[in-house]
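The block underneath contains the structure these notes are about, expressed in C-alpha coordinates.
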Amino acid sequence: MSNLALVTGASSGIGLELARCHAARGGDLVLCARRRDALEAVKAELQAAHGITAHVFAADLAEAVGAEALYRAVRDAGLTIDILINCAGFGGYGLHVERDLAAEQAMVDLNIRALMALTHEFGRDMAARGSGRILNVGSTAGFLPGPNQAVYFATKAFVASFSQAVDHELRPKGVTVTVLAPSYVETGFAKAADLEGTQMVKAGGADAADVAKCGYDAMMAGRLVVVNKPLMGFVLARVVPLLPRRMVLKMSARSQSK
Ligand SMILES: NC(=O)c1ccc[n+]([C@@H]2O[C@H](COP(=O)([O-])OP(=O)(O)OC[C@H]3O[C@@H](n4cnc5c(N)ncnc54)[C@H](OP(=O)(O)O)[C@@H]3O)[C@@H](O)[C@H]2O)c1
(Lines give C-alpha, C1' and ligand atoms only; values in the text may rest on other atoms or scores of the structure.)
Protein backbone atom coordinates (compact mmCIF):
# COMPACT_ATOMS: atom_id res chain seq x y z
CA MET A 1 0.00 0.00 0.00
CA SER A 2 1.20 3.51 -0.81
CA ASN A 3 2.33 5.50 2.22
CA LEU A 4 3.71 8.78 0.91
CA ALA A 5 4.04 11.76 3.25
CA LEU A 6 4.75 15.32 2.15
CA VAL A 7 6.61 17.23 4.87
CA THR A 8 7.15 20.99 4.64
CA GLY A 9 10.00 22.38 6.72
CA ALA A 10 11.78 19.03 6.29
CA SER A 11 15.27 20.56 6.09
CA SER A 12 15.67 21.11 9.85
CA GLY A 13 14.16 21.01 13.32
CA ILE A 14 10.79 19.44 13.97
CA GLY A 15 10.02 18.87 10.26
CA LEU A 16 13.25 16.93 9.80
CA GLU A 17 12.38 14.78 12.81
CA LEU A 18 8.86 14.19 11.47
CA ALA A 19 10.37 13.02 8.19
CA ARG A 20 12.68 10.70 10.15
CA CYS A 21 9.66 9.31 12.07
CA HIS A 22 7.84 8.49 8.85
CA ALA A 23 10.88 6.97 7.14
CA ALA A 24 11.62 4.83 10.19
CA ARG A 25 8.16 3.29 9.74
CA GLY A 26 8.93 2.49 6.09
CA GLY A 27 7.06 5.43 4.57
CA ASP A 28 8.14 7.29 1.42
CA LEU A 29 8.59 11.05 1.50
CA VAL A 30 8.23 14.28 -0.41
CA LEU A 31 10.60 16.70 1.31
CA CYS A 32 9.97 20.44 0.99
CA ALA A 33 11.77 23.58 2.22
CA ARG A 34 13.83 26.32 0.55
CA ARG A 35 17.33 24.82 1.04
CA ARG A 36 17.74 22.18 -1.67
CA ASP A 37 21.18 21.05 -0.40
CA ALA A 38 19.81 20.38 3.08
CA LEU A 39 16.86 18.45 1.63
CA GLU A 40 19.16 16.36 -0.58
CA ALA A 41 21.18 15.47 2.52
CA VAL A 42 17.99 14.41 4.35
CA LYS A 43 16.93 12.36 1.33
CA ALA A 44 20.30 10.57 1.19
CA GLU A 45 20.26 9.90 4.94
CA LEU A 46 16.73 8.47 5.01
CA GLN A 47 16.99 6.42 1.82
CA ALA A 48 20.22 4.81 3.10
CA ALA A 49 18.93 4.21 6.62
CA HIS A 50 15.45 2.90 5.80
CA GLY A 51 15.38 1.85 2.13
CA ILE A 52 12.55 4.26 1.41
CA THR A 53 12.12 6.59 -1.58
CA ALA A 54 12.33 10.34 -0.96
CA HIS A 55 11.66 13.15 -3.45
CA VAL A 56 12.99 16.68 -3.03
CA PHE A 57 10.86 19.69 -3.96
CA ALA A 58 12.67 22.90 -3.00
CA ALA A 59 10.23 25.81 -2.79
CA ASP A 60 9.71 29.11 -1.03
CA LEU A 61 6.22 28.62 0.37
CA ALA A 62 5.98 32.25 1.53
CA GLU A 63 5.86 33.30 -2.12
CA ALA A 64 2.45 34.21 -3.51
CA VAL A 65 1.92 30.99 -5.46
CA GLY A 66 4.51 28.84 -3.69
CA ALA A 67 2.05 26.35 -2.19
CA GLU A 68 -0.05 26.02 -5.32
CA ALA A 69 3.10 25.53 -7.43
CA LEU A 70 4.27 22.81 -5.04
CA TYR A 71 0.88 21.07 -5.30
CA ARG A 72 1.00 21.15 -9.11
CA ALA A 73 4.61 19.94 -9.23
CA VAL A 74 3.80 16.98 -6.96
CA ARG A 75 0.69 16.12 -8.94
CA ASP A 76 2.53 16.45 -12.28
CA ALA A 77 5.19 14.07 -10.96
CA GLY A 78 2.42 11.50 -10.57
CA LEU A 79 2.76 11.36 -6.79
CA THR A 80 -0.26 10.71 -4.54
CA ILE A 81 0.07 12.18 -1.05
CA ASP A 82 -1.37 10.01 1.73
CA ILE A 83 -0.09 12.17 4.59
CA LEU A 84 0.39 15.94 4.56
CA ILE A 85 2.58 17.44 7.28
CA ASN A 86 2.57 21.25 7.32
CA CYS A 87 5.55 22.11 9.50
CA ALA A 88 7.34 25.03 7.76
CA GLY A 89 6.97 28.21 9.78
CA PHE A 90 8.86 30.96 11.53
CA GLY A 91 8.44 33.56 14.25
CA GLY A 92 9.86 37.00 14.91
CA TYR A 93 10.65 38.96 18.07
CA GLY A 94 9.73 42.60 18.64
CA LEU A 95 6.91 45.10 18.95
CA HIS A 96 4.60 44.66 15.99
CA VAL A 97 4.75 48.32 14.86
CA GLU A 98 8.55 48.35 15.08
CA ARG A 99 9.07 45.15 13.10
CA ASP A 100 9.49 45.13 9.35
CA LEU A 101 6.03 44.88 7.81
CA ALA A 102 7.29 42.68 4.96
CA ALA A 103 8.62 40.17 7.50
CA GLU A 104 5.31 40.15 9.36
CA GLN A 105 3.46 39.58 6.09
CA ALA A 106 5.84 36.80 5.04
CA MET A 107 5.10 35.12 8.38
CA VAL A 108 1.38 35.23 7.62
CA ASP A 109 2.08 33.99 4.08
CA LEU A 110 4.03 30.95 5.30
CA ASN A 111 2.38 30.10 8.64
CA ILE A 112 -1.19 30.68 7.44
CA ARG A 113 -1.63 31.07 3.69
CA ALA A 114 0.64 28.25 2.55
CA LEU A 115 -0.63 25.87 5.25
CA MET A 116 -4.21 26.67 4.28
CA ALA A 117 -3.54 26.26 0.54
CA LEU A 118 -1.78 22.91 0.95
CA THR A 119 -4.54 21.66 3.28
CA HIS A 120 -7.09 22.77 0.66
CA GLU A 121 -5.39 21.15 -2.35
CA PHE A 122 -4.21 17.89 -0.82
CA GLY A 123 -7.17 17.64 1.57
CA ARG A 124 -9.57 17.81 -1.38
CA ASP A 125 -7.74 14.96 -3.13
CA MET A 126 -7.69 12.90 0.07
CA ALA A 127 -11.42 13.43 0.61
CA ALA A 128 -12.10 12.32 -2.98
CA ARG A 129 -10.11 9.13 -2.33
CA GLY A 130 -11.77 8.62 1.07
CA SER A 131 -8.59 8.53 3.16
CA GLY A 132 -5.73 10.67 4.35
CA ARG A 133 -4.03 12.24 7.33
CA ILE A 134 -2.97 15.85 7.84
CA LEU A 135 -0.70 17.11 10.62
CA ASN A 136 -0.56 20.88 11.01
CA VAL A 137 2.17 22.18 13.30
CA GLY A 138 0.75 24.92 15.47
CA SER A 139 2.16 25.93 18.83
CA THR A 140 1.23 26.52 22.45
CA ALA A 141 1.40 30.13 21.17
CA GLY A 142 -1.94 29.40 19.50
CA PHE A 143 -3.70 29.28 22.88
CA LEU A 144 -3.13 32.92 23.86
CA PRO A 145 -2.04 36.36 22.57
CA GLY A 146 1.73 36.98 22.53
CA PRO A 147 3.08 40.50 23.04
CA ASN A 148 6.57 40.75 21.44
CA GLN A 149 5.47 38.07 18.95
CA ALA A 150 1.98 39.33 18.18
CA VAL A 151 1.77 38.09 14.60
CA TYR A 152 3.40 34.72 15.30
CA PHE A 153 0.98 33.89 18.13
CA ALA A 154 -1.95 34.98 15.97
CA THR A 155 -0.81 32.77 13.07
CA LYS A 156 -0.73 29.78 15.39
CA ALA A 157 -4.23 30.60 16.70
CA PHE A 158 -5.32 30.40 13.06
CA VAL A 159 -3.66 26.99 12.67
CA ALA A 160 -5.49 25.66 15.74
CA SER A 161 -8.92 27.00 14.76
CA PHE A 162 -8.70 26.19 11.05
CA SER A 163 -7.34 22.68 11.54
CA GLN A 164 -10.01 21.64 14.04
CA ALA A 165 -12.80 22.94 11.80
CA VAL A 166 -11.43 21.17 8.73
CA ASP A 167 -11.04 17.96 10.74
CA HIS A 168 -14.74 18.15 11.58
CA GLU A 169 -15.57 18.67 7.90
CA LEU A 170 -13.32 15.92 6.54
CA ARG A 171 -13.52 13.20 9.22
CA PRO A 172 -16.75 11.76 7.75
CA LYS A 173 -14.87 11.56 4.43
CA GLY A 174 -12.07 9.48 5.94
CA VAL A 175 -9.55 12.31 6.42
CA THR A 176 -8.29 13.47 9.81
CA VAL A 177 -6.53 16.73 10.71
CA THR A 178 -4.33 16.87 13.81
CA VAL A 179 -2.76 19.96 15.38
CA LEU A 180 0.63 19.51 17.04
CA ALA A 181 1.02 22.41 19.48
CA PRO A 182 4.56 22.25 20.88
CA SER A 183 5.93 24.33 23.71
CA TYR A 184 9.42 25.79 23.14
CA VAL A 185 11.62 23.31 21.23
CA GLU A 186 15.42 23.47 20.82
CA THR A 187 15.82 24.04 17.06
CA GLY A 188 17.01 26.85 14.80
CA PHE A 189 13.65 28.55 15.40
CA ALA A 190 14.71 30.81 18.29
CA LYS A 191 17.81 32.14 16.53
CA ALA A 192 15.89 32.79 13.30
CA ALA A 193 13.19 34.62 15.26
CA ASP A 194 15.68 36.64 17.35
CA LEU A 195 14.22 35.07 20.51
CA GLU A 196 17.54 34.17 22.12
CA GLY A 197 17.74 35.80 25.55
CA THR A 198 13.99 35.70 26.16
CA GLN A 199 12.71 34.12 29.40
CA MET A 200 11.16 31.32 27.34
CA VAL A 201 14.41 30.39 25.62
CA LYS A 202 16.51 30.76 28.78
CA ALA A 203 14.20 28.27 30.52
CA GLY A 204 15.20 25.62 27.95
CA GLY A 205 13.10 23.66 25.51
CA ALA A 206 11.96 20.23 24.45
CA ASP A 207 13.85 17.87 22.17
CA ALA A 208 12.74 18.07 18.51
CA ALA A 209 12.73 14.27 18.05
CA ASP A 210 10.49 13.77 21.11
CA VAL A 211 8.09 16.47 19.93
CA ALA A 212 7.96 15.02 16.41
CA LYS A 213 7.18 11.53 17.73
CA CYS A 214 4.41 12.95 19.89
CA GLY A 215 2.87 14.69 16.87
CA TYR A 216 3.36 11.79 14.48
CA ASP A 217 1.76 9.28 16.87
CA ALA A 218 -1.17 11.65 17.51
CA MET A 219 -1.69 12.07 13.76
CA MET A 220 -1.65 8.32 13.17
CA ALA A 221 -4.17 7.91 16.02
CA GLY A 222 -6.39 10.59 14.44
CA ARG A 223 -6.23 12.85 17.50
CA LEU A 224 -7.46 16.44 17.16
CA VAL A 225 -4.94 18.48 19.18
CA VAL A 226 -1.81 17.36 20.96
CA VAL A 227 0.56 19.33 23.19
CA ASN A 228 3.93 17.69 23.85
CA LYS A 229 3.63 18.59 27.55
CA PRO A 230 0.16 17.36 28.65
CA LEU A 231 0.05 19.41 31.89
CA MET A 232 0.92 22.59 30.01
CA GLY A 233 -1.72 21.70 27.43
CA PHE A 234 -4.33 21.30 30.17
CA VAL A 235 -3.43 24.65 31.77
CA LEU A 236 -3.43 26.50 28.45
CA ALA A 237 -6.69 24.99 27.22
CA ARG A 238 -8.68 24.83 30.46
CA VAL A 239 -7.23 27.28 33.00
CA VAL A 240 -5.80 30.23 31.05
CA PRO A 241 -9.14 31.02 29.32
CA LEU A 242 -10.65 31.59 32.79
CA LEU A 243 -7.99 34.13 33.86
CA PRO A 244 -8.37 37.91 33.41
CA ARG A 245 -7.12 38.88 29.93
CA ARG A 246 -4.69 41.54 31.28
CA MET A 247 -3.11 38.93 33.53
CA VAL A 248 -2.71 36.53 30.61
CA LEU A 249 -1.13 39.26 28.49
CA LYS A 250 1.36 40.13 31.26
CA MET A 251 2.32 36.47 31.74
CA SER A 252 2.71 35.94 28.02
CA ALA A 253 4.72 39.17 27.56
CA ARG A 254 7.06 38.15 30.40
CA SER A 255 7.92 34.83 28.79
CA GLN A 256 8.66 36.63 25.47
CA SER A 257 10.78 39.38 27.08
CA LYS A 258 14.59 39.65 27.17
N1 LIG B 1 10.98 25.57 17.96
C2 LIG B 1 9.94 25.94 18.69
O3 LIG B 1 10.07 26.39 19.84
C4 LIG B 1 8.55 25.76 18.17
C5 LIG B 1 7.50 25.70 19.09
C6 LIG B 1 6.20 25.56 18.61
C7 LIG B 1 5.96 25.46 17.27
N8 LIG B 1 7.01 25.51 16.39
C9 LIG B 1 6.71 25.42 14.96
O10 LIG B 1 7.37 24.29 14.44
C11 LIG B 1 7.58 24.48 13.04
C12 LIG B 1 9.00 24.10 12.69
O13 LIG B 1 9.88 24.98 13.38
P14 LIG B 1 11.29 24.47 13.95
O15 LIG B 1 11.30 24.73 15.40
O16 LIG B 1 11.58 23.12 13.48
O17 LIG B 1 12.24 25.58 13.29
P18 LIG B 1 13.36 25.45 12.17
O19 LIG B 1 14.37 24.44 12.55
O20 LIG B 1 13.79 26.86 11.92
O21 LIG B 1 12.57 24.89 10.90
C22 LIG B 1 11.78 25.69 10.07
C23 LIG B 1 11.59 24.95 8.76
O24 LIG B 1 10.75 25.74 7.91
C25 LIG B 1 11.38 25.87 6.64
N26 LIG B 1 11.00 27.16 6.05
C27 LIG B 1 11.20 28.39 6.58
N28 LIG B 1 10.78 29.33 5.74
C29 LIG B 1 10.31 28.67 4.64
C30 LIG B 1 9.73 29.09 3.41
N31 LIG B 1 9.57 30.40 3.14
N32 LIG B 1 9.36 28.16 2.51
C33 LIG B 1 9.53 26.84 2.78
N34 LIG B 1 10.07 26.38 3.93
C35 LIG B 1 10.46 27.29 4.84
C36 LIG B 1 12.87 25.81 6.96
O37 LIG B 1 13.64 25.36 5.86
P38 LIG B 1 14.46 26.31 4.87
O39 LIG B 1 15.20 27.30 5.68
O40 LIG B 1 15.34 25.32 4.15
O41 LIG B 1 13.45 26.90 3.97
C42 LIG B 1 12.89 24.71 8.02
O43 LIG B 1 12.88 23.45 7.44
C44 LIG B 1 7.21 25.94 12.74
O45 LIG B 1 5.91 25.98 12.18
C46 LIG B 1 7.19 26.57 14.12
O47 LIG B 1 6.32 27.67 14.19
C48 LIG B 1 8.29 25.65 16.81
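The values are calculated or read from the model by the stated rules, or taken from the named source; none is laboratory data. Fair warning: this is a prediction, and the values are worked out from it, not measured in the lab. Neighbour counts run over all protein chains shown; Cβ positions are idealised from the backbone, glycine included.
Tell me, yes or no, whether region 95-114 has at least one residue that is within 18 Å of residue 5 (Cβ to Cβ), of a type in the set (A, V, I, L, M, F, W, C), in contact (Cβ under 8 Å) with a residue 40 or more places away in the chain and part of a helix (DSSP H, G or I).
Looking through region 95-114, at least one residue is within 18 Å of residue 5 (Cβ to Cβ), of a type in the set (A, V, I, L, M, F, W, C), in contact (Cβ under 8 Å) with a residue 40 or more places away in the chain and part of a helix (DSSP H, G or I).
So which pairs qualify, if the first residue must be in region 26-55 and under 17 Å from residue 4 (Cα atoms), the second must be of a type in the set (Lys, Arg) and assigned to a helix (DSSP H, G or I), the Cβ gap must be under 8 Å, and the two must be at least 6 apart or on different chains?
Listed pairs, sorted by first residue: 29/43; 31/43; 46/20; 54/43; 55/43.
Are any of the residues in region 160-167 in contact (Cβ under 8 Å) with a residue 40 or more places away in the chain, surrounded by 19 or more Cβ atoms within 10 Å (Cβ to Cβ) and more than 30 Å from residue 247 (Cβ to Cβ)?
Within region 160-167 (the criterion being in contact (Cβ under 8 Å) with a residue 40 or more places away in the chain, surrounded by 19 or more Cβ atoms within 10 Å (Cβ to Cβ) and more than 30 Å from residue 247 (Cβ to Cβ)), the answer is yes, since at least one residue qualifies.
When you go through 197, 204 one by one, which is the residue that is within 12 Å of the ligand (Cβ to nearest atom), at positive phi and outside any helix (DSSP H, G or I)?
So the residue among 197, 204 that is within 12 Å of the ligand (Cβ to nearest atom), at positive phi and outside any helix (DSSP H, G or I) is 204.
Output the number of residues of region 130-139 satisfying the condition of being closer than 21 Å to residue 7 by Cβ and outside any strand (DSSP E or B).
Of the residues in region 130-139, 3 are closer than 21 Å to residue 7 by Cβ and outside any strand (DSSP E or B).
Restricting to region 170-193, and then to whatever is among the hydrophobic types (A, V, I, L, M, F, W, C) and over 14 Å from the mean Cα position of the chain (by Cα), can you tell me which residue is farthest from residue 209 (Cα to Cα)? Step through it out loud before you land on a result.
The initial filter retains those residues of region 170-193 that are among the hydrophobic types (A, V, I, L, M, F, W, C), namely 170, 175, 177, 179-181, 185, 189-190, 192-193.
Now narrow it down to the ones that are over 14 Å from the mean Cα position of the chain (by Cα): 170, 175, 190, 192-193.
Values: 170: 29, 175: 25, 190: 17, 192: 19, 193: 21 Å.
Filtering first and then ranking leaves 170.
Would you mention how many residues in region 81-102 are surrounded by fewer than 19 Cβ atoms within 10 Å (Cβ to Cβ) and closer than 18 Å to residue 158 by Cα?
2
Looking at region 70-90 only, could you name the residues that are within 17 Å of residue 179 (Cβ to Cβ) and within 12 Å of the ligand (Cβ to nearest atom)? If you could, list the steps in order and put the result at the bottom.
The first filter runs over region 70-90 and keeps only residues within 17 Å of residue 179 (Cβ to Cβ), leaving 83-89.
Answer for region 70-90, where residues must be within 17 Å of residue 179 (Cβ to Cβ) and within 12 Å of the ligand (Cβ to nearest atom): 85, 86, 87, 88, 89.
Which one of these is modelled with pLDDT under 95 and either under 30 Å from residue 131 (Cβ atoms) or surrounded by fewer than 17 Cβ atoms within 10 Å (Cβ to Cβ) (or both): 250, 258?
Result of the check over 250, 258: 258.
Please specify each residue of region 63-77 satisfying the condition of being under 25 Å from residue 20 (Cβ atoms) and either surrounded by fewer than 20 Cβ atoms within 10 Å (Cβ to Cβ) or of a type outside the set (Gly, Ala, Ser) (or both).
The initial filter retains those residues of region 63-77 that are under 25 Å from residue 20 (Cβ atoms), namely 66-67, 70-71, 73-74, 77.
70, 71, 73, 74, 77 - these are the residues of region 63-77 that are under 25 Å from residue 20 (Cβ atoms) and either surrounded by fewer than 20 Cβ atoms within 10 Å (Cβ to Cβ) or of a type outside the set (Gly, Ala, Ser) (or both).
What are the residues in region 125-135 that are surrounded by 15 or more Cβ atoms within 10 Å (Cβ to Cβ) and farther than 24 Å from residue 211 by Cα, if any?
Passing the criteria: 125, 126, 127.
Would you mind telling me which numbered condition in (1) touching a helix residue (DSSP H, G or I) at 6+ places or on another chain (Cβ under 8 Å); (2) under 23 Å from residue 238 (Cα atoms) residue 154 fails?
The failed condition is (1).
Sort out which residues of region 27-59 are under 23 Å from residue 179 (Cα atoms) and surrounded by fewer than 16 Cβ atoms within 10 Å (Cβ to Cβ), and write them in order of number.
none
For the structure I just gave you, tell me whether residue 116 is among the aliphatic types (A, V, I, L, M) and within 18 Å of residue 195 (Cα to Cα).
The answer is no for residue 116.
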